[in-house]
1. With a 10 Å Cβ neighbour count serving as the proxy for reagent exposure, in which order, fewest first, do Trp206, Trp229, Trp338 appear?
2. Provide the per-residue ³J(HN,Hα) series for segment 25-31, in order, calculated from phi with Karplus coefficients 6.51, -1.76, 1.60 and θ = phi - 60°, each as a whole number of Hz, with x at glycine and proline positions.
3. Compute the FRET efficiency between Asn357 and Lys175 as 1/(1 + (r/R0)^6), taking r as their Cβ-Cβ distance and R0 = 56 Å, and round to the nearest 0.05.
4. Return Phe325, Phe163 ranked ascending by Cβ neighbour count within 10 Å, so the fewest neighbours appear first.
5. Per the Kirkwood formula on distinct C-alpha pairs, the Rh of segment 141-263 is how many angstrom?
Amino acid sequence: MNLIFFTQVGGFLKPFAWVMGEILNAIYKLCSFVGVANIALCIVIFTIVVKMLMLPLTIKQQKFSKVSAKMNPELQELQKKYANADRKNQAVMAKMQQEQQEIYRKYGSSPFGGCLPLLVTLPILFALYRVIYAIPAYVNDVNAMYKSVSDSFINEYENVQEFDYMDALEEFCKKNNITTRTDKEDAKNNTDRMIDIFSMFDEEKWGNFQNGEQFLDKENNPDDDYKNWNAMVATPEYKQIIAGQSGKIEEILNVNSLFGSFNILNSPGFHFPEILLPILAALLQFLQGRISMSVTKSEEKKKSDDPMSSSMKTMNTVMPIMSGFICVMLPIGVGIYWVANSVVTILQQLAINHHLNKIDIDEMIRQNAEKKREKYEKMGVISNQNNTSNIAKSSTKTISNMKTSEIKTKTPVVSKEAREEVANAEKGSVSSIANILKERNKEK
């Protein structure tokens, strides 16, 4: 079963798509009011509005990246320290996890600190693409244009017995290499089905549809594989419908045009000047990646042999190239969105970087650690006696000072009391582990 793109998206994406659809519809109405109704322009404005609404999440993500840049060296030292540890030894693993949590607590962060903005952003992005691909489903005025054309065929051919007009439309799509996005059985009604198909017509396909030529076989006879289409275009009503709807079809072509010359439903291919759009999309995405990495440069001196750093550099080089090739095959409208998105993201990133450079990173970490401590206290995980400042004073020096013999793979040196404490803690909860730490602090 193919996905239904004309009808508004359902499932968990529905509320996200509905909100963005309302925004896009309002933008189109505003553009129509000032006399510049154009979907390409609406996509650009739509992208700016959505990016501005997501700005708080973007700032939060960048703050996390800046803190992570300063925290990662200590995490890397911890990983090296336990690189040869026996992973089956619960006492050693509990010790490693405890030290890891202390590092996160010291910086007021968590292993999942950067995931929340991403979890919120992803549904928005998925829904956004669905809205852009199904503009007639969300923009009322555009829907009315397509509906006028589809209703004219339905009203004329609904009760005709000689041929099936929906099958005729399917045969036209087959002949013109149009992959339909919904099956005939999936559509709620023929109007939805026809609008879904018409919304995939670029300028060339609309021209072929208006010409209404019969499809012939090798002997120049009507091809039996397209008998419904041939029967429909042979009726005098077909030419009358096309003539009556020529104004609406022209209007559809105009709102889908870029600079009045390029239809946004066309693929750029490798033709000039359309190819400039994929090239621009790739270059802007590359620049976007370089600027986004600069947020951590002042806090993290990455080594040349750092696999994570090397992977990021490779990804920031390969992904723009891949995006450029993908953009060549996708409709121009998608390329417009990518270009607009990259431009807005770059401007936002430059502003965020300028703002973060004025912030004292150590003060931000102290505030984060204090907030995290208060949160844990409310949850009952730590008490007021568990001094966060003592944890904050720990560093990679403390980590490296631990004897190597304590974490050897075969013979880890762990006291009997420690093993008993860990075993008891495993039977309890997080708060029980915190109580063990609390008692140790009291003994000291």
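FYI, it's all coordinate maths here, none of it is from the lab. On a predicted model such as this, the values are computed, not experimentally measured, just so you know. No Cβ is skipped: glycine too gets one built from the backbone with ideal geometry, and neighbour counts run over all protein chains shown.
1. The order, fewest Cβ neighbours first, is Trp206, Trp338, Trp229.
2. Calculated HN-Hα couplings, in order: 5, 5, 5, 5, 4, 5, 5 Hz.
3. 0.40
4. Working: Phe325 10, Phe163 18.
Ranking Phe325, Phe163 by Cβ neighbours within 10 Å, fewest first, gives Phe325, Phe163.
5. 15.0 Å
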